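The values are calculated or read from the model by the stated rules, or taken from the named source; none is laboratory data. If you're wondering where the values come from, they're calculated on a predicted model, not measured in any experiment. FYI the Cβ positions are ideal-geometry reconstructions off the backbone, even for glycines, and counts take in every protein chain you see. Only protein heavy atoms, including side chains, enter the accessible area calculation; ligands, DNA and RNA are left aside. Shrake-Rupley method; radii C 1.70, N 1.55, O 1.52, S 1.80 Å.
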Amino acid sequence: MEKYQEISVDPAILSVFLQTGVAIEPVLVKDIGEVTHLILDDEHKIVHCTTQQFIRKLCQFLFHDFKALQNGVKEKLHKTQLLPIPLTYQFVLFPLRSLPIKNIKTRGFLWISYRKVTKAIASSTQNLQTEIYMKNGYRLVVPYTRSFVLQQLRDAQLVDYLFQEVHFTAQRLAVPALEATKASLPEQILYLAEAIRHYKP
């Protein structure tokens, strides 16, 4: 794939993504494996984790419980798969599978900011494929019909509308946990400090 800036997942990049994020795309890098391609308004970055891990780090940064958020969305949409996730007010990501890369399927999902989508067009060359165009000009191709993609967009819009109710009913992380087994104590304290600094009740 094209070479992009490689960075670590830290509070700074999480904050940047929440401000300018367009999509999170799973990609395969030779000799490394599956990593995450961050598509931002004006740039692209590669982080060494899966898209699912990045989503969970975003939730941790915002003091959200990922599973509780999913359960809240399940209750509102009455569906159990490919659930959009409301991270902040007017910032909802919805998931789709990405196209296989050289016939190899990625484990992670493609997560797209629905407010950054300008149009979805059925592929003129491939059945069951849709081209999604983003506000920054980036184009994503997914293995779904246009009607399915539009339904995902409608679901994300509804979750955005119900944002406060979903977050009110979903169990929040009342006390952020410092887990020394997953990261060093200074790293966890930095996450905590950054999350408190950006927290908006």
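Couple of notes before you dig in:
- Test: residue in segment 32-39 that is open to solvent by less than 40 Å² (accessible area, probe 1.4 Å), among the small types (Gly, Ala, Ser) and free of Cβ contacts under 8 Å to residues at least 24 places away in the same chain: yes
- The set of residues from segment 73-97 being touching a Pro at 6+ places or on another chain (Cβ under 6 Å) and of a type in the set (Phe, Trp, Tyr) comprises just one member, Phe94.
- Inter-residue pairs, beta-carbon under 8 Å, first more than 17 Å from Arg115 (Cβ to Cβ) and part of a helix (DSSP H, G or I) and in segment 158-169, second charged (D, E, K, R) and modelled with pLDDT of 80 or more, 6+ apart: Glu165/Lys76; Thr169/Glu75
- Only a single item in (1) out of contact with any Leu (no Cβ under 7 Å at 6 or more places or on another chain); (2) of a type in the set (Gly, Ala, Ser); (3) closer than 24 Å to Gln151 by Cα is not met by Gly33, and it is number (3).
- Taking the criterion of being without any contact (Cβ under 8 Å) to a residue 60 or more places away in the chain, surrounded by fewer than 18 Cβ atoms within 10 Å (Cβ to Cβ) and within 16 Å of the chain's Cα centre (by Cα), the residues of segment 97-143 that qualify are Arg97, Arg115.
- Qualifying residue in segment 136-147 (condition: in contact with an Asp or Glu (Cβ under 8 Å, 6 or more places away or on another chain), modelled with pLDDT of 90 or more and charged (D, E, K, R)): yes
- Hits in segment 79-126 (condition: in a loop (DSSP other than H, G, I, E, B), modelled with pLDDT of 90 or more and either in contact with a strand residue (DSSP E or B) (Cβ under 7 Å, 6 or more places away or on another chain) or not β-branched (Val, Ile, Thr) (or both)): Lys79, Gln81, Leu82, Leu83, Pro84, Arg97, Phe109
- Positions within segment 117-166 being within 24 Å of Leu38 (Cα to Cα) and of a type in the set (Val, Ile, Thr), in sequence order: Val117, Thr118, Ile121, Thr130, Ile132, Val141, Val142, Val149, Val159
- Test: residue in segment 153-168 that is at pLDDT below 65 and exposed (fewer than 13 other Cβ atoms within 10 Å of the Cβ): yes
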